[in-house]
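One structure is given below, encoded as structure tokens.
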Amino acid sequence: MYDIIRTLHSYWAFLVILALAIAVINSIIKLSTKKEFEAKDIRLGLFALIFSHIQLLIGLVLYFVTPYFSQFGEQGMGAVMKDPTLRLYLVEHPLINILAIVFITMGWSKHKKKVASDSKFKMFAIFYTIGLVLLLSRIPWSTWLGQFS
């Protein structure tokens, strides 16, 4: 079960990163060219939001079934924080990625309150970019890309 969830979490991450990157690039381009906010723009933002929330749910399930999780009880928080691998998987990755999804959700919520197109694009550009950067900063790249080689 752990391997299936980990693989799903890894592959779904590609969708999340792609959807967020497309939403961010679209927002920046349309903001700079003063385009009108259209249904397509809403869909891009919504897909990025939905994909990131699904990734969060998969990640939460993975967090509690991973073999690393038992290290909290066995070694305690002090030992987990001293081990870079355990700290990444049990503290940094989940915490920063939850924070990233909070920013993405804030961007979605804030864009709905705006009337002007440039304000809507600005909300997506700012908050989705922060979310994307945070997600990219805490991906265990060597492990993640090593799965696909």
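The values are calculated or read from the model by the stated rules, or taken from the named source; none is laboratory data. It should be emphasised that the depicted structure is a prediction, and the values quoted were computed from it without experimental measurement. Cβ coordinates were reconstructed from backbone atoms using ideal geometry, including for glycine residues, and neighbour counts include every protein chain displayed.
Structure above, values below:
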quantity: Test for Ile96: is it within 30 Å of Lys35 (Cα to Cα) and among the hydrophobic types (A, V, I, L, M, F, W, C); calculated: no
quantity: Considering residues of the range 99-118 that are at pLDDT 95 or above and among the small types (Gly, Ala, Ser) only, the residue farthest from the chain's Cα centre (by Cα); calculated: Ser109
quantity: Number of the exception - Arg6 against (1) of a type in the set (Lys, Arg); (2) in a helix (DSSP H, G or I); (3) exposed (fewer than 15 other Cβ atoms within 10 Å of the Cβ); calculated: (3)
quantity: Wholly enclosed helices (runs of 4 or more DSSP H) of the range 30-99 bearing at least 2 residues within 27 Å of Ala19 (Cβ to Cβ) and without any contact (Cβ under 8 Å) to a residue 60 or more places away in the chain; calculated: 39-65
quantity: Enumeration of residues in the range 106-125 that are in a helix (DSSP H, G or I) and in contact with a helix residue (DSSP H, G or I) (Cβ under 7 Å, 6 or more places away or on another chain); calculated: Met106, Gly107, Trp108, Lys110, His111, Asp118, Lys120, Phe121, Lys122, Met123, Phe124, Ala125
quantity: Flag for Tyr63 being of a type in the set (Phe, Trp, Tyr) and in contact with a Phe, Trp or Tyr (Cβ under 6 Å, 6 or more places away or on another chain); calculated: no
quantity: Matching residues, the range 62-76, being farther than 21 Å from Leu8 by Cα and surrounded by 13 or more Cβ atoms within 10 Å (Cβ to Cβ); calculated: Gln71, Phe72, Gln75
quantity: Which numbered condition Asn97 misses (of (1) under 16 Å from Leu44 (Cβ atoms); (2) touching a Gly at 6+ places or on another chain (Cβ under 8 Å); (3) not small (Gly, Ala, Ser)); calculated: (1)
quantity: The range 97-128, subset surrounded by 16 or more Cβ atoms within 10 Å (Cβ to Cβ) and among the β-branched types (Val, Ile, Thr), residue farthest from Trp144 (Cα to Cα); calculated: Ile126
quantity: Selected residue [at pLDDT 95 or above, of a type outside the set (A, V, I, L, M) and closer than 27 Å to Tyr2 by Cβ] from Ser52, Ser70; calculated: Ser52
